[in-house]
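Here is the structure we will look at, set down as structure tokens.
The values are calculated or read from the model by the stated rules, or taken from the named source; none is laboratory data. Small disclaimer: the values here were computed from a predicted structure and weren't measured. Virtual Cβ from ideal backbone geometry, glycine too; neighbours counted across all protein chains shown.
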Amino acid sequence: LIIACQNGNVKMAKFLIKHGADINKVWKGLLPLNVACLNGNEKLIKYLI
């Protein structure tokens, strides 16, 4: 999910979440939402919120 958020891959993020990916999983101190914000992925930010 983190990689999908880094790359702005909304379709993959939706797939992963639908299949049980934890949107609150911390990676190097960051949540997927933080990663999406840092990379300016507006569509993912809206989806994750």
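Numbers at a glance
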| item | result |
| --- | --- |
| Inter-residue pairs, beta-carbon under 6 Å, first closer than 10 Å to residue 8 by Cα and in the stretch 20-49, second polar (S, T, N, Q), 6+ apart | 35/6; 39/6 |
| Matching entry among 33, 16 (being in a helix (DSSP H, G or I), surrounded by 13 or more Cβ atoms within 10 Å (Cβ to Cβ) and more than 9 Å from the chain's Cα centre (by Cα)) | 16 |
| Unmet requirement for residue 49, which otherwise passes all of (1) in contact with a helix residue (DSSP H, G or I) (Cβ under 8 Å, 6 or more places away or on another chain); (2) modelled with pLDDT of 95 or more; (3) not acidic (Asp, Glu) | (2) |
| Tally of residues being over 17 Å from residue 49 (Cβ atoms) and part of a loop (DSSP other than H, G, I, E, B) across the stretch 19-30 | 5 |
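Conditions tested, residue by residue: (1) touching a helix residue (DSSP H, G or I) at 6+ places or on another chain (Cβ under 7 Å); (2) at pLDDT below 95.
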residue: 1; (1), (2): yes, no
residue: 4; (1), (2): yes, no
residue: 10; (1), (2): yes, no
residue: 13; (1), (2): yes, no
residue: 17; (1), (2): no, no
residue: 20; (1), (2): no, no
residue: 24; (1), (2): no, no
residue: 42; (1), (2): no, yes
